[in-house]
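Okay, structure first, notes after.
The values are calculated or read from the model by the stated rules, or taken from the named source; none is laboratory data. All values derive from a computational prediction rather than experimental measurement. Positions of Cβ are generated from backbone atoms using ideal geometry, with glycine treated the same way; all protein chains shown enter the neighbour counts. In case anyone asks, the SASA skips ligands and DNA or RNA and just uses the protein heavy atoms, side chains included. Shrake-Rupley method; radii C 1.70, N 1.55, O 1.52, S 1.80 Å.
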Amino acid sequence: MLQSSNVNLEELRKLSWSGIPSQYRATTWKLLSGYLPLIAERREAMLDRKRQEYHNFVDQYYSTRLQDIHQDTYRQIHIDIPRMSPLIPLFQQTLVQEIFERILYIWAIRHPASGYVQGINDLVTPIFVVFLTEFIDASADVENYPVSKIEEPGLHRLEADSFWCFSKLLDGIQDNYTFAQPGIQKRVNLLKELITRIDNNLHRHLEKHHVEYLQFSFRWMNNLLMREMPLHCVIRIWDTYLSESDGFALFHLYVCAALLTKFSEELQRETDFQGLMLLLQNLPTRDWTGEDIGLLLADAYRLKFMFADAPKHLRDSQS
């Protein structure tokens, strides 16, 4: 399908929903995100133009990072990046951190309504890792790969493509990061509404012990579960998000609901606030495999099918 002169987007979404083979993932993510044109003959010219446009932004704006008006933004980015995925050596490489600094700073400058918000730095990592695989041998360990081995033209393409696809992702959830983060507030409320309808015993247990949904699910929404499970699991989930029309917003909500109810029994065995929060903030997902993610996504799909009226239901109940 990827070799056709005009890719059928709906067919690509159907094929990708259940997981994309790693050798096709980078191209498929670019197509599904809307970055890469579906018509093959338009791609080379578009990629050349967009890559040049990004590096023009860097030339034009990156030097402003130390100006008074922007230095707080840059300082926060500079602080946050070394904290990203500390157990993955790839992200501790100076070259990679410099790439991330440029991507995040340029995005923040071009989106003044939100600017840089802590947490969005995590969202670059799956995109960067997937696009990095285009430049390394299939047998290489991507999480330990020395990026300095890639020649400069390749690094320029990798950085620019990561920027544009990251931007496409955030375009769909920018209300998560504008003032007061209304998108997150809304989705946390929707999650609470969903749980009351699908697992009211769990909901009442959380309420009984004074656990507010915002206390644990803010991070789930802000970081798109990046802190809750291994990177390879997040990448697999994003295959599905990119295959959904509103994957990073609405379908993510159903994934969060499925994740919460998956641990319902364990949570209901906790008998105090501290025990509940400790479990909610450290869910036992570190050893999860693709099979676990497949089951989680299937549960989320069933919730979407059963409770697709939940957002409307909530708006009606608030009016």
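With Rg and the Kirkwood Rh both taken from Cα atoms, where does Rg over Rh land for the chain?
0.97
Placing unit charges on C-beta atoms (Lys and Arg positive, Asp and Glu negative, everything else neutral), compute the dipole magnitude of segment 19-150 about its Cα centre in debye, rounded to 20.
Using only the charged Cβ atoms, the result is roughly 260 debye.
Starting from one equal scatterer on each C-alpha and no solvent at all, send me the Debye-based log10 I(q)/I(0) for segment 12-89 at q = 0.13, 0.15, 0.17 Å⁻¹, two decimals.
One equal scatterer on each Cα of segment 12-89 leads to -0.72, -0.86, -0.94.
Given a 1.4 Å probe and the protein chains all in place, what does the accessible area of residue 304 round to, in Å² to the nearest 10?
Accessible area, nearest 10 Å²: 70 Å².
With a point put 7 Å past each Cα toward its Cβ, work out how far residue 92 is from residue 138 in nm, to one decimal.
3.0
Please compute the per residue accessible area over segment 76-170 with all protein chains in place, 1.4 Å probe, rounded to a whole number of Å².
39
In segment 65-153, if the dipole is taken from +1 on Lys/Arg beta carbons and -1 on Asp/Glu beta carbons about the Cα centre, which of 111, 87, 142 is farthest to the positive end?
The listed residue farthest towards the positive side: 111.
By how many nm would the segment from residue 174 to residue 278 grow when fully extended, if each residue of separation counts as 0.36 nm and the alpha-carbon distance is taken off?
34.5 nm
Report, to the nearest whole %, how much of the accessible area of segment 187-319 belongs to carbon and sulfur atoms, 1.4 Å probe, protein only.
49
Using 0.36 nm per residue, how much length does the chain from residue 49 to residue 268 gain when fully extended, once their Cα-Cα distance is taken away?
Between residue 49 and residue 268, full extension yields an extra 73.4 nm.
Evaluate the distance, in nm, between pseudo-label points positioned 7 Å from the Cα of residue 67 and of residue 185 along their respective Cα→Cβ axes.
About 3.1 nm separates the two model spin labels.
Quick one: check the C-alpha center-to-center distance for segment 214-293 versus segment 134-179, whole angstrom.
23
Per the helix-only calculation at 222 nm, which mean residue ellipticity applies to the chain, given -39500 (n - 2.57) for every DSSP H run of n ≥ 4 and division by its residues, nearest 500 deg cm²/dmol?
Calculated mean residue ellipticity at 222 nm is -19000 deg cm²/dmol.
Tell me the relative contact order for the chain as a rounded percent, counting alpha carbon contacts under 8 Å between residues six or more apart.
Reported as a whole number, the value is 19 percent.
Ignoring ligands, DNA and RNA, how do 64, 261, 289, 240 rank by accessible area with a 1.4 Å probe, largest first?
Reading off the accessible areas and sorting them downward yields 289, 261, 64, 240.
Taking N as the number of residues in segment 197-319, what value does Rg over Cα atoms divided by 2.2 N^0.38 Å take?
In units of the globular-protein estimate, segment 197-319 measures up at 1.06.
Rounded to whole Hz and in sequence order, give me ³J(HN,Hα) for segment 224-231 from the Karplus expression 6.51 cos²θ - 1.76 cosθ + 1.60, θ = phi - 60°, writing x for Gly and Pro.
6, 6, 4, 8, 9, 7, x, 4
Note the angle between two axes, namely the Cα long axis of helix 22-32 and the longest principal axis of the Cα atoms of the chain, as a number of degrees from 0 to 90, rounded to the nearest 10.
Tilt relative to the chain: about 90 degrees.
To the nearest 20 debye, what charge dipole does the chain have about its Cα centre, counting +1 at the Cβ of each Lys and Arg and -1 at the Cβ of each Asp and Glu?
Roughly 560 debye for the chain.
Using θ = phi - 60° and the Karplus form 6.51 cos²θ - 1.76 cosθ + 1.60, what ³J(HN,Hα) does each residue of segment 242-253 get, whole Hz, x for Gly and Pro?
Values, residue by residue: 5, 8, 9, 5, 9, x, 7, 10, 6, 5, 4, 4 Hz.
Rank 153, 243, 213 by how far each Cα sits towards the positive end of the charge dipole of the chain (+1 on Lys, Arg Cβ; -1 on Asp, Glu Cβ) and give me just the farthest.
Going by the charge dipole, the pick is 213.
Within segment 1-147, what whole-number % of the accessible surface is contributed by carbon and sulfur, with the 1.4 Å probe and all protein chains included in the calculation?
49
Computed FRET efficiency, Cβ-Cβ of residue 298 and residue 79, R0 51 Å: what is it to the nearest 0.05?
So the FRET efficiency works out to roughly 0.85.
Working from Cα positions, state the angle (0 to 90°, nearest 10) between the long axis of helix 43-61 and the longest principal axis of the chain.
That works out to roughly 90 degrees.
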